[in-house]
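Asker: If you scroll down you'll find the structure; I have some questions about it.
The values are calculated or read from the model by the stated rules, or taken from the named source; none is laboratory data. Please read these numbers as outputs of a predicted model, since none were measured by experiment. All Cβ positions, even for glycine, are placed from backbone atoms using ideal geometry, and neighbour counts span all protein chains on display.
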Amino acid sequence: MKIDPPLEQAVFVKRYKRFFADIELSDGSPLTIHCANTGSMQHCLNPGTPCWFSRSSNPKRKLPGTLEIVTTVSGLLAGVNTSRANHLVAEAIASGVITELQGYSTMSSEVRYGEEKSRIDLLLEKDSEQCFVEVKNVTLEAGKGLARFPDAVTTRGTKHLRELMRVVAGGQRAVLLYCVQMTGIDRVAVAKGVDPVYAATLSEAIAAGVQVLAYGCKLTAEDIAINRKVALGWCVY
């Protein structure tokens, strides 16, 4: 995903009221921007470290920009704008980077489905075959190349797992894809200590036939893109 104009660098100050972030520009002036992330952002809130943000050209917006990349407590970069994850995955499927999701003729987004009134992030189709892809953005660093999901209790994520299990029961393919918007990560595991209900439901989903994939990203001011497969370390919490 080419970023045009490139992201601007600043210094992260704080996040508050969930959707607000204060940063300091290169000239020392303060700026309040939007934080498009509903999670805890654990290990991503590191005051005094470099961050990057995008500016909006929409004059009707209350906040002039969006927090995009932060520096974690151990110095990794993390993409915290969760609204980018679906686009990154769709782009990686279209370009052939995600090899497991090739061979479909159409791709749709935000399609209504399921018994619990959900929307699937991406629906891949070819003739009568359907593949339901649920995307989750991962930014919880756990050290030694490991990242975890979720970073907060996610009843919505658990609901999505139930929906994916029903898709498999109905004879179609269901995929949970972890989009790891982080540098320096080579493994992903479930954060059982953060949300044991989600962890237990994930185990049920895997046993039921839901396929789990994880892919990592490169993050620069000019380009954010999925560029590598990441291992699944389910035995590590």
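Asker: Considering only residues of the range 190-227 that are more than 20 Å from Leu146 (Cβ to Cβ), within 18 Å of the chain's Cα centre (by Cα) and not hydrophobic (A, V, I, L, M, F, W, C), which is surrounded by the most Cβ atoms within 10 Å (Cβ to Cβ)?
Answerer: Among those that are more than 20 Å from Leu146 (Cβ to Cβ), within 18 Å of the chain's Cα centre (by Cα) and not hydrophobic (A, V, I, L, M, F, W, C), it is Gln211.
Asker: Return the residues of the range 145-162 that are among the aliphatic types (A, V, I, L, M) and either part of a strand (DSSP E or B) or touching a helix residue (DSSP H, G or I) at 6+ places or on another chain (Cβ under 9 Å) (or both); say none if nothing qualifies.
Answerer: Residues satisfying the conditions are Leu146, Ala147, Val153, Leu161.
Asker: Among the residues in the range 172-185, are any surrounded by fewer than 20 Cβ atoms within 10 Å (Cβ to Cβ) and either under 15 Å from the mean Cα position of the chain (by Cα) or at pLDDT below 95 (or both)? Spell out the reasoning first.
Answerer: The initial filter retains those residues of the range 172-185 that are surrounded by fewer than 20 Cβ atoms within 10 Å (Cβ to Cβ), namely 172-173, 183-184.
Restricting the remaining residues to those that are either under 15 Å from the mean Cα position of the chain (by Cα) or at pLDDT below 95 (or both) gives 183.
So far as the range 172-185 goes, yes, one or more of its residues are surrounded by fewer than 20 Cβ atoms within 10 Å (Cβ to Cβ) and either under 15 Å from the mean Cα position of the chain (by Cα) or at pLDDT below 95 (or both).
Asker: Now for a different question. State all residues of the range 90-126 that are more than 19 Å from Thr155 (Cα to Cα) and of a type in the set (Phe, Trp, Tyr); if no residue qualifies, say none.
Answerer: Matches in the range 90-126: Tyr104 only.
Asker: Pairs only if they're at least six apart or on different chains, beta carbon under 9 angstrom, first in the range 156-177 and in the same structural domain as Ile120 (by TED's automatic domain parsing) and closer than 18 Å to Thr82 by Cβ, second among the basic types (Lys, Arg) and at pLDDT 95 or above; list them, first residue then second.
Answerer: Partner pairs satisfying both residue conditions: Gly157/Lys136; His160/Lys136; Leu176/Lys136; Leu177/Lys136.
Asker: Follow-up. I'd like the residue in the range 35-92 that is β-branched (Val, Ile, Thr) and closer than 16 Å to Ala10 by Cα and, out of all such residues, is surrounded by the fewest Cβ atoms within 10 Å (Cβ to Cβ).
Answerer: Thr49
Asker: Just to verify a result, which residue in the range 1-19, among those that are within 20 Å of the chain's Cα centre (by Cα) and farther than 18 Å from Thr49 by Cβ, is surrounded by the most Cβ atoms within 10 Å (Cβ to Cβ)?
Answerer: For the range 1-19, the residue satisfying everything is Ile3.
Asker: Right, here's the next one. Quickly run through the range 37-75 and pick out the residues that are closer than 18 Å to Val138 by Cβ and touching a strand residue (DSSP E or B) at 6+ places or on another chain (Cβ under 6 Å).
Answerer: Let us first name the residues in the range 37-75 that are closer than 18 Å to Val138 by Cβ, namely 37-46, 67-75.
Hits for the range 37-75 are Gln42, His43, Cys44, Leu45, Asn46, Leu67, Glu68, Ile69, Val70, Thr71, Thr72.
Asker: Of everything in the range 29-45 that's among the hydroxyl-bearing types (Ser, Thr, Tyr) and in a loop (DSSP other than H, G, I, E, B), which residue is modelled with the lowest pLDDT?
Answerer: The selected residue is Thr38.
Asker: Modelled with pLDDT of 95 or more, part of a strand (DSSP E or B) and among the hydrophobic types (A, V, I, L, M, F, W, C): is that true of Ile23 in this structure?
Answerer: In short, yes.
Asker: Continuing with this model, one more query. On the basis of being farther than 21 Å from Ala225 by Cβ, among the charged types (D, E, K, R) and modelled with pLDDT of 95 or more, does Arg15 make the cut?
Answerer: yes
Asker: Still on this structure, I have one more. Sort through Ser74, Ser54 and tell me the only one that's in contact with a Gly (Cβ under 8 Å, 6 or more places away or on another chain), among the small types (Gly, Ala, Ser) and not in a loop (DSSP other than H, G, I, E, B).
Answerer: Ser54
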